[in-house]
Each structure stands twice: as structure tokens, then as C-alpha cells.
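The values are calculated or read from the model by the stated rules, or taken from the named source; none is laboratory data. No experiment lies behind these values; they were computed from the predicted model shown. Glycine gets a Cβ as well: all are built from the backbone with ideal geometry, and neighbour counts include every protein chain shown. SASA here: full protein model, heavy atoms, side chains in, ligands and nucleic acids out. Shrake-Rupley method; radii C 1.70, N 1.55, O 1.52, S 1.80 Å.
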Amino acid sequence: MGVWQLLLVGLVMLLGLFGVLVPGVPGRWLVWAAILWWSMHEQSGLAWALLVGSTVLLLIDQVVVWELPPRRPRGVGVTRRMVVSAGAGALIGFLLVPVVGAIPGFIGGIYGSERRRLGGHGPAMASTRAVMRAVGTSVLAELFACLLVVGAWVGAVIGG
């Protein structure tokens with residue numbers, strides 16, 4: 001697979017990661033489609049193993065998200081800035097502390113956005129808790145699974 005195709009696969013995965021944060025965009029399935037595209041062109045044992053592993057992981061993630069309370073973004077003050085901050089925090093956390101850093105990064109992004117908007121620690125913590133109860137857990141679960149798949153793909157491309 002050429003460099004341009006790898007860049008396109010990476011862009012589709014990036015679009016999928018952003019799609020997780022935007023309601024109505026099938027981010028998880030964009031990430032999976034990019035893995036499918038890559039594995040169909042690579043046709044190696046590693047590529048097929050990554051496709052099977054990501055399929056299983058994303059299906060388990062879908063079941064987990066179904067079991068979590070439904071997303072109710074209205075009434076808790078979810079803003080675009082907060083969504084961007086949470087996504088950026090998860091990505092930075094994932095890069096700084098591989099895999100597990102996405103969780104505190106996501107929550108930290110929400111807290112930072114709320115601290116900037118509300119001014120104080122107490123109101124920002126209360127708002128962060130409300131947001132995590134309303135939408136945060138399901139978005140975090142989906143984003144975490146997609147980050148794991150993208151991280152595995154990056155590792156396979158660099159190491160494979």
C-alpha cells in the first residue's frame with residue numbers, strides 16, 4: 001500500500017474519531033471501514049488479525065454503549081467548545097500515557113472547558129459530573145474503543 005493510500009486511510013480514521021464526538025456521524029463504523037480498506041490491500045496475517053480484533057472490539061463497544069444510559073445532551077450545557085476540548089484531551093492523554101491516558105484526558109478536557117466557562121472549581125466540577133452522567137460515559141466508551149483501534153493500526157503500520 002502506498003503512502004497516499006495510507007494517508008487516506010489515516011484521514012478516514014481521523015474523520016471517524018471526530019465522528020464519535022459529533023452526534024449522528026457513524027464514527028465507529030468509519031474507523032472500522034478504514035481498517036477493512038487497509039487490510040484488504042495489505043492482505044497479511046497482521047492485517048487480518050487487526051481486522052478481526054478491531055471488529056470484535058467495536059462490536060463489544062457497541063453492546064457496552066447500548067447498556068449505558070441514553071445520551072441526553074440537552075439541559076446540561078454541552079457546547080461545541082466542550083466537545084472539542086474533551087476530544088483533544090482524550091487524544092493528548094492517549095498519546096502521553098498510551099491507552100489509559102484517554103480517560104483522564106477526556107474528563108480533563110471537559111473540566112477545563114467548564115472551568116473556563118464558569119470560572120470556579122466548584123461549579124466546574126459539578127458541571128463535569130453532570131455532563132459525564134448525561135453523555136460522557138457513552139461518548140468516552142466509544143472514543144476509547146476507536147482510539148485503541150487507531151493506535152493498533154498505527155503500531156501495525158510502523159512496526160509491520
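Mind listing whichever residues of the range 76-101 are more than 19 Å from residue 134 (Cα to Cα), assigned to a helix (DSSP H, G or I) and open to solvent by less than 50 Å² (accessible area, probe 1.4 Å)?
Matches in the range 76-101: 88, 93, 94.
Would you mention how many residues in the range 108-122 are open to solvent by less than 70 Å² (accessible area, probe 1.4 Å) and more than 23 Å from the chain's Cα centre (by Cα)?
Residues meeting the conditions: 3.
Write out, first by first residue and then by second, each pair whose Cβ atoms fall under 8 Å of each other, whose residues are 6+ apart or on separate chains, and whose first residue, in the range 25-44, is in contact (Cβ under 8 Å) with a residue 40 or more places away in the chain while the second is of a type in the set (Asp, Glu).
27/142; 28/61; 28/142
Closer than 18 Å to residue 17 by Cβ, over 13 Å from the mean Cα position of the chain (by Cα) and in contact (Cβ under 8 Å) with a residue 60 or more places away in the chain - does that describe any residue in the range 76-94?
Among the residues of the range 76-94, not one is closer than 18 Å to residue 17 by Cβ, over 13 Å from the mean Cα position of the chain (by Cα) and in contact (Cβ under 8 Å) with a residue 60 or more places away in the chain, which makes the answer no.
Within the range 56-69, work out how many residues are part of a helix (DSSP H, G or I) and open to solvent by 40 Å² or more (accessible area, probe 1.4 Å).
8
If I filter the range 1-42 down to residues being at pLDDT below 90 and either among the hydroxyl-bearing types (Ser, Thr, Tyr) or farther than 25 Å from residue 138 by Cβ (or both), which single residue comes out as surrounded by the most Cβ atoms within 10 Å (Cβ to Cβ)?
1
Consider only pairs whose beta carbons are under 6 Å apart and that are at least six residues apart or on different chains; among these, list those whose first residue lies in the range 111-136 and is touching a residue at least 60 places away in the same chain (Cβ under 8 Å) and whose second residue is hydroxyl-bearing (Ser, Thr, Tyr) and crowded, with 18+ Cβ neighbours inside 10 Å.
Here the result reads none, with nothing in the range 111-136 linked to a residue that is hydroxyl-bearing (Ser, Thr, Tyr) and crowded, with 18+ Cβ neighbours inside 10 Å.
May I ask you to verify whether residue 102 is out of contact with any strand residue (DSSP E or B) (no Cβ under 9 Å at 6 or more places or on another chain) and under 15 Å from residue 141 (Cβ atoms)?
yes
Name the single residue, out of those in the range 43-55 being at pLDDT 95 or above and of a type in the set (Ser, Thr, Tyr), that is least open to solvent (accessible area, probe 1.4 Å).
The extreme case among them is 54.
Of all residues in the range 133-149, which are open to solvent by 30 Å² or more (accessible area, probe 1.4 Å) and farther than 15 Å from residue 93 by Cβ?
Matches in the range 133-149: 133, 137.
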